[in-house]
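The values are calculated or read from the model by the stated rules, or taken from the named source; none is laboratory data. Just so we're clear, the structure is a prediction, and the values are computed from it rather than from any experiment. When we count neighbours, we look across all protein chains shown, and the Cβ atoms used for this are built from the backbone with ideal geometry, even at glycine.
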Amino acid sequence: MTMKVKLSKYPLVNGIFISRPNRFIARVMINQKEIAAHVPNTGRMSELLVSGVRAILAWNPAPHRKTDYTLLLVEKDEHWVSVNSMLANQIAYEFLKAQADVSELKQEVTYGNSRFDLACFRGGKYAYYEVKSVNLVVNEIAMFPDAPTERGAKHLGELIRAHQEGYHTGVIFVVQRNDAKSFQPNQIMDPKFSRLLGQCHSLGIEIRALSCDIDGVNIEIISELPVTVLSEETEKEV
């Protein structure tokens, strides 16, 4: 499994993370100058965004942008971790494109009054996929979400509805770091999301988790992780 995606089409620069004054802005030191950078992720990431950690940013000055930089990576325990949630869709796209039974793969596809991240024909059946970016790892277990997510629960509910209407549906968790050995929903942080993922599993909805390695320039899918879904009664491995 060797599918690489470039971290950015823009030049990359090294920096030191200082602080995150709000969800969308980070303060980063580059060449002894403090700058503002866009944070392309609304998760908390409190265990990652620690003052003094190494960071990699994309430099993209443009008139319509509030900052010239976008925060892409931070270092955690000598591993690079991607904080760019938008990158997960491209990684999942490359993963599905490589599957022998997938055709007509598209991004951002409308379903009713909603929109799924990916859609395709799979084994002759139309399929919808939702993609989630994961960068929280606790005791070698990748977990999602790192903050309560009504939007994430809504997406799972929509997948269940599409499944009940006869479509193939799935959710792909893209773990944007290489130090996890398994994946499970973060039940303590968001019991509703965890319960709905368990319901997805019970219905036969496809659930995948991809582990990625980052070399500072590219991000590459290196393996699939075992997935454990949680219910009130028991834990079940997918």
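Filtered by the rule that a residue be on the phi > 0 side of the Ramachandran plot and either among the aromatic types (Phe, Trp, Tyr) or touching a strand residue (DSSP E or B) at 6+ places or on another chain (Cβ under 7 Å) (or both), region 42-79 gives a lone residue, Gly52. For Gly124, the criteria (1) surrounded by fewer than 14 Cβ atoms within 10 Å (Cβ to Cβ); (2) modelled with pLDDT of 95 or more hold in every case but one, which is (2). Using the structure shown, decide if Glu75 is surrounded by fewer than 15 Cβ atoms within 10 Å (Cβ to Cβ) and modelled with pLDDT of 95 or more. Spelling it out, it is not the case that Glu75 is surrounded by fewer than 15 Cβ atoms within 10 Å (Cβ to Cβ) and modelled with pLDDT of 95 or more.
Would a scan of region 151-159 turn up a residue that is in contact with a Phe, Trp or Tyr (Cβ under 8 Å, 6 or more places away or on another chain) and farther than 22 Å from Gln90 by Cβ? For region 151-159, residues in contact with a Phe, Trp or Tyr (Cβ under 8 Å, 6 or more places away or on another chain) and farther than 22 Å from Gln90 by Cβ: present. Apart from one condition, Gln99 fits all of (1) at pLDDT 95 or above; (2) farther than 15 Å from Leu159 by Cβ; (3) surrounded by fewer than 23 Cβ atoms within 10 Å (Cβ to Cβ); the exception is (1). Going residue by residue through region 144-166, is there one that turns out to be touching a Cys at 6+ places or on another chain (Cβ under 9 Å) and over 22 Å from Ser85 (Cβ atoms)? Scanning region 144-166, I find at least one residue that is touching a Cys at 6+ places or on another chain (Cβ under 9 Å) and over 22 Å from Ser85 (Cβ atoms), so the answer is yes.
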